[in-house]
1. Kindly indicate whether residue 58 is on the phi < 0 side of the Ramachandran plot, surrounded by fewer than 21 Cβ atoms within 10 Å (Cβ to Cβ) and not assigned by TED's automatic domain parsing to the domain that holds residue 182.
2. Using the structure shown, decide if residue 19 is within 20 Å of the chain's Cα centre (by Cα) and at pLDDT 95 or above.
3. Quick test for you: out of 152, 77, 49, pick the one residue that is more than 16 Å from the chain's Cα centre (by Cα) and either closer than 27 Å to residue 174 by Cβ or modelled with pLDDT under 95 (or both).
4. Scan the range 14-27 and give yes if some residue there is free of Cβ contacts under 8 Å to residues at least 40 places away in the same chain and either crowded, with 24+ Cβ neighbours inside 10 Å or touching a helix residue (DSSP H, G or I) at 6+ places or on another chain (Cβ under 7 Å) (or both), otherwise no.
5. Kindly establish whether residue 178 is at pLDDT 95 or above and either surrounded by 14 or more Cβ atoms within 10 Å (Cβ to Cβ) or assigned to a loop (DSSP other than H, G, I, E, B) (or both).
6. Output the residues belonging to the range 44-68 that are without any contact (Cβ under 8 Å) to a residue 40 or more places away in the chain and within 10 Å of the ligand (Cβ to nearest atom).
7. Being in contact with a strand residue (DSSP E or B) (Cβ under 6 Å, 6 or more places away or on another chain) and more than 13 Å from the ligand (Cβ to nearest atom) is the filter here; which residues of the range 34-43 pass it?
8. Answer yes or no as to whether residue 162 is farther than 16 Å from residue 226 by Cα, within 15 Å of the ligand (Cβ to nearest atom) and crowded, with 17+ Cβ neighbours inside 10 Å.
Ligand code: NDP
């Protein structure tokens, strides 16, 4: 019998994960199939996982923190930040992992000289990136629309601002981790803050992939070197695929196959 895997999110129609994993499973002759589940209420994640008899799952916007709560046990980096993006069923228990942090760091390895980093957004993706980059000696500033989610970052010792308290400054790298631009045409911060910050920035990244967001469009117009979220998607996916296939395949085998799916 085939194993069933899924990605939970809301929205989730944009996700390239089914293409990536199904191409991998077919290429490696793994008896498995991967689908996407639109889940408006993150509190229903556990129930839906068991209803669908899943073998494993990925979790995306906005349920990565709810996934942490849904798991019976959480291992590794996910424990440190309270954010789960990969779930594996072990017997009758759900085990949570975070592959974003190491995956994103791998995807950004060519930017090691960037030390002053502005992260826009304060959700699950911002937590993974900020803590992992801080472990590598980066100086992290977090800018979010609202203050409610900034406590985690303040406790971690990062400089934190909302739109009212932020003053544009100079950063080697700006990373948009908000969902602004995912299904709308919004900027992650007002242009009065964004433009002076972008104009002084070294490099710009948007974790959203598959489209040119207003953030990246503006950075491009300002002739900034930039990158979208495709390499991050791939890198976290390779680590999740290792877990889904119980480490039967090397990363060096998984990565080129998953990368092929980006041409589809
Ligand atoms: P969360 O829901 O946990 O956090 C969303 C964040 O975006 C919050 O800080 C929220 O601010 C902010 N936000 C939402 N809408 C706006 C807006 N219109 N203007 C400004 N800020 C806004 O989401 P995740 O961290 O899970 O995901 C964030 C993004 O990262 C998504 O677009 C997702 O697709 C992408 N992603 C990409 C991955 C990849 O592999 N490339 C992997 C994972 C995620 P507030 O606190 O004020 O509500």
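1. On the way: on the phi < 0 side of the Ramachandran plot: yes; surrounded by fewer than 21 Cβ atoms within 10 Å (Cβ to Cβ): no; not assigned by TED's automatic domain parsing to the domain that holds residue 182: yes.
Answer is no for this residue.
2. Details: within 20 Å of the chain's Cα centre (by Cα): yes; at pLDDT 95 or above: yes.
Yes, satisfied.
3. Working: 77 fails: more than 16 Å from the chain's Cα centre (by Cα); 49 fails: either closer than 27 Å to residue 174 by Cβ or modelled with pLDDT under 95 (or both).
Exactly one residue qualifies, and that residue is 152.
4. no
5. Details: at pLDDT 95 or above: yes; either surrounded by 14 or more Cβ atoms within 10 Å (Cβ to Cβ) or assigned to a loop (DSSP other than H, G, I, E, B) (or both): yes.
Judged against the criteria, residue 178 is a match.
6. The initial filter retains those residues of the range 44-68 that are without any contact (Cβ under 8 Å) to a residue 40 or more places away in the chain, namely 44-45, 47, 50-51, 66, 68.
66, the sole residue that qualifies.
7. In the first step, residues of the range 34-43 are kept if they are in contact with a strand residue (DSSP E or B) (Cβ under 6 Å, 6 or more places away or on another chain); the result is 34-37, 39.
If the condition is that a residue be in contact with a strand residue (DSSP E or B) (Cβ under 6 Å, 6 or more places away or on another chain) and more than 13 Å from the ligand (Cβ to nearest atom), then 34, 35, 37 are the ones that fit.
8. Working: farther than 16 Å from residue 226 by Cα: yes; within 15 Å of the ligand (Cβ to nearest atom): yes; crowded, with 17+ Cβ neighbours inside 10 Å: yes.
In short, yes.
The values are calculated or read from the model by the stated rules, or taken from the named source; none is laboratory data. Being a predicted model, the structure only gives us computed values, none of them experimental. Methodologically, a virtual Cβ is constructed for each residue, glycine included, from the backbone with ideal geometry; neighbour enumeration extends over all protein chains shown.
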